[in-house]
Structures are given as C-alpha cells and as structure tokens.
Amino acid sequence: MSGFELKLKAAPAERLDLSGLTPSALAGMTAGDVAKIGIGTSKAHVTVGDVFTVAGAAGDTLRISGGSDRFDFVGAKLDAGTLVVTEEVGVFAAAQMKGGRLEIGGNVGLGLGAAMKGGVVHVKGSAGDLVGGLRPGEQYGMQGGTIVVDGDIGERAGDRMRRGTIIARGMFGKWAGTRLMGGTLWTTKGFGDEPGLQMRRGTLIAPSVSRMISTFGDGGMHDLTILRILSRDTAQRLGELSPPPLPAKVRKYSGDLSIFGKGELLLTS
C-alpha cells in the first residue's frame, strides 16, 4: 500500500481540524499541495506544512506519525482506504465516517464515531464519553460500522445509536446505551452503572453490570443460537480484533420497560 506520511514537528499551539486529511481527499495531490491545506481553528492560518513534514505520494493509506489531544475530527468523513495515527487524538474522531479503516495508537477524546455510518475503527488506548453517540446538530448517533477499543470507554456510549457495533476490551462507563435504538454494545469486562437507560431496542452484552436500573425485567437463562452466529460473524469480519466467543447460555434482561421494552441486556457470567 502507498500513501502520504505526515510526521509531527512539534506539539500544536491550537486545536486542529484534521477532517480534510483522508486518502480520498488527498487523491491526486502532491506533497506540496498537502502542505498547503488549512487545518487551524483560530484566526491564525495554520497549514499542514506548519505542523507536519509531508512525505510520500497519494495512495490508499495515510499515516500520521505522532499525536496530540488537539488532533480533532481525525478520520471524520473517512469513506475508503486506511488512516493510521500512531498516538493519541482529540475529539470526534471518526465522526460521520462512512467506510475504510481508522487505526489509532493511543487514547481518544469524546465523541468517537459520532453519527458514524460505516467502516472499522480500532483504538489501542481508551476512549472518552459519547462513543458512537450524538454529534451536535445530528438526530441520531452511530448508524453503522464497527468500533473496537482495547481499553475502557467513557460514559453514555451509544447515545441514540441506531445500528452498528461497539466493542470494549475494558469497561464501559455509566449509562452505556442511553436512548439506544439499535445496534450492539459488547464488553469483555463489564458495564458501569445503569446501562440501557431509556433504551428502546438493541443489545447490550457483558459479563457483569455494576448497578442495574429497576426497569429491566429478568427473563432467566437462555440458549440463544443468534449469539453463536454473532460470534462467528464477528470473528470473520474482525479477525484478531474480535472478542472471545460468547458462551452457550446467557442471562437475559428486557428493557427499558418504562418506555418500550424491546431492548436486551445479556449477562455472560
């Protein structure tokens, strides 16, 4: 695979909008063209060349060597190809992402995958609040694609999410799946307090919950064939990023019964 590589010169002096840096957006450009792209968010005219050294040529990959919590909107509107950032990034990474693959080597700020519609995101660190949730001005949260976070995820993940999958190898924070309308939140460690608050549809999967809300009904133990299908499909799509296969039997809770009651919380241990 070929593509540009951007190497960070020094920590940025202001927040940067990196939404315009995707393989598709840079197609047909030279390194000189890329260096002239504006990425600043203040009255100062900050360009790619002010912050990064640019090497390589246009291709189906883009690599950003370095990172900062001021790197905002990384991979936003990514539609094809692969974008790799070797260290941490800021807010709203993968917002409105439509396809391709985003690899982040460190932690991520709030709003990861907000209003995301497709593609795969892999975060090697932890993620902030509102993963797969709403972006200001949007009606829905995540609407497709897959997010895998190796660490923990903050509060209110999946807020008003309609479809797609969010997987955490660590813990989800409080109120995961608030107002969930579809899709799957899956953790190998557990949920924090009160997951599924005002949840309408969708699936929450975890070995444990620190505190349940009272409006979920215990449906007992179930042997669900669909979970074996889910495990197999996830393994085929994600390979080594896939969580361990789900057990043969799980304990099923239905909710949120205070509003609709079509969602499910499945406890695997």
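In contact with a strand residue (DSSP E or B) (Cβ under 9 Å, 6 or more places away or on another chain) and free of Cβ contacts under 8 Å to residues at least 40 places away in the same chain: is that true of Ala206 in this structure? Here the answer is no, as Ala206 does not meet what is asked.
Each row is one residue, and each column tells you yes or no for (1) acidic (Asp, Glu); (2) without any contact (Cβ under 8 Å) to a residue 40 or more places away in the chain; (3) touching a strand residue (DSSP E or B) at 6+ places or on another chain (Cβ under 8 Å).
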residue	(1), (2), (3)
Val121	no, no, yes
Gly128	no, yes, yes
Gly132	no, no, yes
Gly145	no, no, yes
Asp150	yes, yes, yes
Ala157	no, yes, yes
Arg160	no, yes, yes
Gly164	no, no, yes
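If only residues of the stretch 220-231 that are of a type outside the set (Lys, Arg) and in a helix (DSSP H, G or I) are counted, the one that is farthest from Ile166 (Cα to Cα) is Thr225. Scanning the stretch 218-266 for residues that are aliphatic (A, V, I, L, M), under 15 Å from Met199 (Cβ atoms) and surrounded by 15 or more Cβ atoms within 10 Å (Cβ to Cβ) yields a total of 3. In this structure, Thr234 does not qualify as of a type in the set (Val, Ile, Thr), in contact (Cβ under 8 Å) with a residue 60 or more places away in the chain and part of a strand (DSSP E or B). The number of residues in the stretch 178-198 being part of a loop (DSSP other than H, G, I, E, B), under 11 Å from Arg162 (Cα atoms) and of a type outside the set (D, E, K, R) comes to 1.
Computed from the coordinates by the stated procedures, all read-outs in this text should not be read as laboratory data. As the structure is a prediction and not an experimental result, all values here were calculated from the model. Every residue, glycine among them, receives a Cβ derived from its backbone with ideal geometry; neighbour counts consider all protein chains shown.
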